[in-house]
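The structure appears below as structure tokens.
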Amino acid sequence: MNKLTRFFSIAFFSATFIYTGPLWSETMYIDDNLWVPLRSGAGTSYRIIHKGIKSGTELEILETSKDTGYSQVQTPDGMTGYLPTRYLTAQPIARTRLIKANQRTATLEKENTTLNSRLAKLLKEHNTLSEKHGQTAEQLDKNNQELANIKSISADALNLDRRNRELRENNEQLRNEMELLQTENRRLKEKTDSNMMLIGGGLVTLGVIITLLVPMLKPSKKGDSWA
């Protein structure tokens, strides 16, 4: 009843309003809030078991009667009752769709911000790579010029390089031979030292033997007197 009174009041003032110019205006929208009572049976004579189900509530349809124009429904909290079928719609109300659309828009805007950030990052990387590519191309040109200069004197360079390799190989061979000679020299020196030690030992032994034998070889004085 309050809603009907408000509706007719707005319609009355709208009909009697005389436009005098754009001094002041406000945009208004009709509210789609609706509260449907849930009854114990299919008709207005049955008692109300729920004072009003808010529009946009998702209901499970248990039974629909074309004769009475009522449907038996079950609320999300498990309450079962009847309400006019004309208040039921197969799709969510505009407000619910608008909320979902706004949520989807917010998600898309967030994704768009993320994509823009990635795009900016990719553009920055692309610019960096382009700069490096330019530097690489410049260095490649310099290398090509240097290669051309080297090719112009390649004959002499190759001959010198071949001669250098030969000399390095000869030097390496001589170095190996020198190392072998040094090794042989050390071995001979060690052998000589060992022989000298043996000879020295032999001489010492011979001296000891001679020292022991000389007294034995001298004639005794008693023997001389016998003679």
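The values are calculated or read from the model by the stated rules, or taken from the named source; none is laboratory data. This structure is a prediction, so every number in the text was calculated from the model and none was measured. Quick reminder, even Gly has a Cβ in these numbers, built from the backbone with ideal geometry, and neighbours come from all protein chains shown.
Based on this model, can you work out whether Asn159 counts as modelled with pLDDT of 80 or more and assigned to a helix (DSSP H, G or I)? It is false that Asn159 is modelled with pLDDT of 80 or more and assigned to a helix (DSSP H, G or I).
Give me a count of the residues in the stretch 58-68 that are part of a loop (DSSP other than H, G, I, E, B) and surrounded by 13 or more Cβ atoms within 10 Å (Cβ to Cβ).
Looking only at that region, the number is 2.
Among the residues of the stretch 74-87, none qualifies, meaning not one is in a loop (DSSP other than H, G, I, E, B), in contact with a helix residue (DSSP H, G or I) (Cβ under 7 Å, 6 or more places away or on another chain) and at pLDDT 85 or above.
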